[in-house]
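Read-outs: derived from the displayed coordinates by stated rules, not from any lab. Predicted, not measured: the structure shown is a model, and the values here were computed from it. All Cβ positions, glycine included, derive from the backbone under ideal geometry; neighbour counts span all protein chains shown.
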Amino acid sequence: MKGTKLFVESLLNENVDVVFGYPGGALIPLFDELVDCKKIRFILPRHEQGGAHAADGYARVTGKPGVVIATSGPGATNLVTGIANAYMDSIPMVAFTGQVKTNLIGNDAFQEVDLTGITRSICKHNYLVKNPEEMPEIIKEAFHLATTGRPGPVVIDLPVNVTTADIKAKIPKTVNLPGYKPNMEGNPKQVAKAAEMINEAERPVLYIGGGIISSGCCDQIKTLAEKGNLPVTPTMMGLGAFPDTHKLSLNMLGMHGTAYANYAVTHCDLLIAVGARFDDRVTGKIEEFAPDAKIIHIDIDPTSVSKNVPVDVPLVGDAGRILKQLIPQVKSQPRKAWLAQIDQWKKDFPLKYDEKGLKPQFVLETLYDQTKSKKTIICTEVGQHQMWSALFYKFTKPRTWVSSGGLGTMGFGLPASMGAQIGKPDHLVFNIAGDGSIQMNIQELATIKNNNLPVKIIILNNHYLGMVRQWQQLFFNGKYAHTDLCDNPDFVKISEAYGIPAMCVEKKEDVLAALKKAIAHKGPFLLDIRVDREENVFPMVPAGEAISRMIGGMA
Amino acid sequence: MRHIISATVQNKPGVLARVAGLFSARGFNIESLAVGETEDPTRSRMTVVVGGDEAILEQVRKQLAKLIDTIKVQDFQTTPCVKRDLMLIKIKCPPQKRAETMEIINVFRGRVVDLGEKTMMIEVAGEEDKIDAFVNLMRPYGILEMVRTGRIAMARGE
Ligand SMILES: Cc1ncc(C[n+]2csc(CCOP(=O)(O)OP(=O)(O)O)c2C)c(N)n1
Ligand SMILES: [Mg+2]
């Protein structure tokens, strides 16, 4: 079979229904074939980075691997940020890149880059297909690797003469990867030990991350929490895995976590970490993180266990399977004193803000109010607006929060929202953006318009690179070095130029009506909301400080 | 602490780059790395000598094992094993000193593999200490060139 045809067959065999791709010399034969395949929806972003983030957003909301294709050389290097972003957040993705002919590799040929070399440290695995006969097997392996164990992006570099070759090999039914066998079941003895520790703990906290969402075990987390009366704090990647509105929820912890989450972790005697990796944005000063606690760590990736903190009971395996083993052994407990203490912290240190003026927090609260009964997905860019979204929007279901955690990529949100909308056409999809971030992939407004994706874009416009400005204000004597964006373009005009209706909001009183209008509008819509310029995200743990020592919003 | 860790990997293109890249990306302190084929031509074995505290060494073992191409990781710290380094060394050696050097070489079970008018090339294999000791004895003659393979190791018995 012709390579290009076999390529398309291989995608169909993996149930791929959408591909984000951008053409180029090395891909012309492949696109010539793809365009005729009616079972795969093809989306042309306006920049390869947009394509990669769109595939990532698609994967986050559907749980299926996102697929992106870019041409050799600059097309491939434009994918790099998108691949790294998916890697840091363990998102299943398969990225294909065109490559020069195999006989030219290494010659500095036109549009040649050593993509496997460039991406080696930012993906789960990568391949340069040199022998056409290996292509079907490699594609099969790539999807398997991307979606199993700890998910992640896999990159396949495809020289032109590989895809145009006549290939005899068939698509294999199974993969043969002798070095890859993720451990799934928890060690029964360790599980029993963990259960005993939970049953004996007086002040336990359940700390959950994105692994819960990848593993698909949110219901079990709820069962465990309710059975054991365990207060739950999600990381930013874990938002939506446990309802923010649940009485056992402590909301997010860490650098911009709630005071009550950070206090609970600091005072707990047992920390049960599930699908989370003790990132520095979560732990702050590591020596003072959960100082009195014994630690149980459930994770599929052995390298995450005991990496940043020593663990008392490591449990390597799939979170869902381990919880299934663990839950029957956990006894129900009232934990009255501990829960009362937590309620007191919640009363004393609630999330709050000064309500004068047009505050970003107010926009998010109003948005939550307007959308809580609808199927909604919130995507964000990176910065203050992202943290306010994490804190002031209430997430109650998994895969409804799409945000760049590990890499913190400005420019992620807009393309991710388009991938999310394609993955979940029946959901109301928002991109909460900063005025800085939106300009990093603003060309994707064309893709949104072109495909009539009804994404609602809300720019919380403070005319600043606000998150950096906040650090400058707090830690650099208010010297705002290169963070002032007072000469931003007119976002309404930009949006309209792309054919997307838009509105500027300058007063608090107009927020509700504007949101209603955007939501009611059938197609995409953009709101440029001029928020209080110097509002800060609080509470905040200064970098490297213990998470119990927060500043702002504490009185 | 210094451990000898070996990884049996699939003999695929790029696998050496993956291992080397892993060490540099994670900031592991690598002292030597030896690579070669095994009894099974589809696999090769990489032996690394790496320094660090137990937490770092645990990460090294786990990160190596996590590579998709890695089939098995062994740490020889607690296993009885045979360890070897191979060295080629070229020293200044005028004819009148040959007899004297030969004596030292014999004690170390080295072999002379090349003789020049005023030079001698010697091959020595063995444990690190032995080779280090030999190098020290050669210093007074003048070492012109030296190359070592890096450690390889194999567990004793089955
Ligand atoms: C690609 C990229 N470049 C730089 C940064 C550093 N950075 C983090 S937040 C931020 C400011 C973001 O500004 P804006 O999008 O306006 O959001 P705001 O903080 O004002 O809400 C910057 C520059 C980043 N995270 N990503
Ligand atoms: Mg801003």
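Quick check of the Kirkwood formula: for segment B:82-155, what is the inverse mean of 1/r over all pairs of different Cα atoms, in Å?
In segment B:82-155 this quantity evaluates to 12.4 Å.
For the residue pairs A:140/B:12; A:5/A:140; A:39/A:397; A:247/A:397; A:222/A:247; A:456/A:516, the alpha carbons lie more than 19 Å apart in A:39/A:397.
Shape summary of segment A:143-199, radius of gyration then Dmax from alpha carbon positions: 19.7, 62 Å.
Given the alpha-carbon gyration tensor of segment A:464-543, what are the semi-axes of its equivalent ellipsoid in whole angstrom, ordered largest first, with each equal to the square root of 5 times an eigenvalue? List each step's numbers first, then the result.
Details: eigenvalues 185, 49, 21 Å².
Whole-Å semi-axes of the equivalent ellipsoid: 30, 16, 10.
Between A:518, A:395, A:362, the Cα set farthest toward the positive side of the dipole of segment A:360-530 (charges on each charged residue's Cβ, about the Cα centre) is that of A:395. Measuring how big segment A:198-291 is from its alpha-carbon positions, Rg and Dmax come out at 11.9, 33 Å. Put a plus charge on the Cβ of each Lys and Arg, a minus charge on the Cβ of each Asp and Glu, and nothing anywhere else: the dipole of chain A about its Cα centre is then about 1400 debye. Projecting the Cα positions of A:462, A:445, A:482 onto the charge dipole of segment A:425-555 (unit charges on Cβ atoms of Lys, Arg, Asp and Glu, taken about the Cα centre) puts A:445 furthest along the positive direction.
Once you've got the Cα coordinates, tell me which of A:285/A:346; A:193/A:347; A:372/A:522 are over 27 Å apart.
Working: A:285/A:346 23 Å; A:193/A:347 35 Å; A:372/A:522 19 Å.
From the list (A:285/A:346; A:193/A:347; A:372/A:522), the Cα-Cα distance tops 27 Å for A:193/A:347.
Estimated translational diffusion coefficient (Stokes-Einstein, Kirkwood radius over Cα pairs, 10 °C, 1.306 mPa s) of the protein assembly as shown: 57 µm² per second. Dipole size of segment A:199-246 about its Cα centre, with +1 on Lys/Arg Cβ and -1 on Asp/Glu Cβ: approximately 60 debye, rounded to the nearest 20.
Each Lys and Arg adds +1 at its Cβ and each Asp and Glu adds -1 at its Cβ; summed about the Cα centre, segment B:82-155 shows a dipole of about 60 debye. Defining a contact as two alpha carbons under 8 Å apart and six or more residues distant in sequence, what relative contact order in percent does chain B show? Computed over chain B, the figure is 28 percent.
What does the net charge come to around residue A:39 if you take all other residues with beta carbon closer than 15 Å to its beta carbon, with K and R at +1 and D and E at -1? Let's see the in-between values first.
Working: positive: A:5, A:38, A:41, A:64; negative: A:9, A:14, A:17, A:33, A:36.
Residues near residue A:39 contribute -1 overall.
Electrostatic tally near residue A:117: other residues with Cβ closer than 15 Å to its Cβ, Lys and Arg +1, Asp and Glu -1, net 0.
For segment A:3-163, the percent of C-alpha pairs falling in each 10 Å distance bin, counted from 0 to the bin holding the largest distance, reads 12, 47, 37, 5, 0.
Distance between the C-alpha centres of segment B:104-144 and segment A:208-241: 64 Å, rounded to the whole angstrom.
Alpha-carbon geometry of segment B:2-75: the Rg and the Dmax are 11.3, 34 Å, given in that order. How would you classify segment A:188-348 from its alpha-carbon gyration tensor, with a ≥ b ≥ c the square roots of the eigenvalues: rounded for a/c under 1.5, else prolate if a/b is greater than b/c, otherwise oblate? Judged from the Cα gyration tensor, segment A:188-348 comes out rounded (a/c under 1.5).
Along each principal axis, taking the top coordinate minus the bottom one, the Cα set of chain B gives 56, 35, 33 Å in descending order. Which of B:14, B:101, B:87 sits farthest toward the positive end of the charge dipole of chain B, with +1 on the Cβ of Lys and Arg and -1 on the Cβ of Asp and Glu? Of the candidates, B:14 comes out farthest on the positive side. The distance from the alpha carbon centre of segment A:68-127 to that of segment A:1-46 is 17 Å, rounded to a whole number.
Of all stretches in chain A that contain no chymotrypsin sites (Phe, Trp or Tyr not before Pro) in a DSSP loop with at most 12 other Cβ atoms within 10 Å, the longest one is A:111-475. Under 5 Å between amide hydrogens, built in the peptide plane, is the criterion, and for residue A:377 it picks out A:428, A:429, A:430 among residues at least 5 positions away or on other chains. Could you tally the net charge around residue B:33, taking each other residue with its Cβ under 13 Å from the Cβ of residue B:33, Lys/Arg +1 and Asp/Glu -1? Summing Lys and Arg as +1 and Asp and Glu as -1 gives +2.
Considering only DSSP states other than H, G, I, E and B, which GluC sites (Glu not before Pro) in segment B:14-92 qualify as loop sites with at most 14 other Cβ atoms within 10 Å? Kindly include the intermediate steps, with their values, before the conclusion.
Values: sites: B:31, B:37, B:39, B:54, B:58; in loops: B:39.
Sparse-neighbourhood loop GluC sites (Glu not before Pro): B:39.
For the residues of B:51-58, the average number of beta carbons from a partner chain within 10 Å of their own beta carbon is 1.
Where the alpha-carbon atoms of segment A:360-530 are placed on the principal axes, they occupy 47, 36, 34 Å, in descending order.
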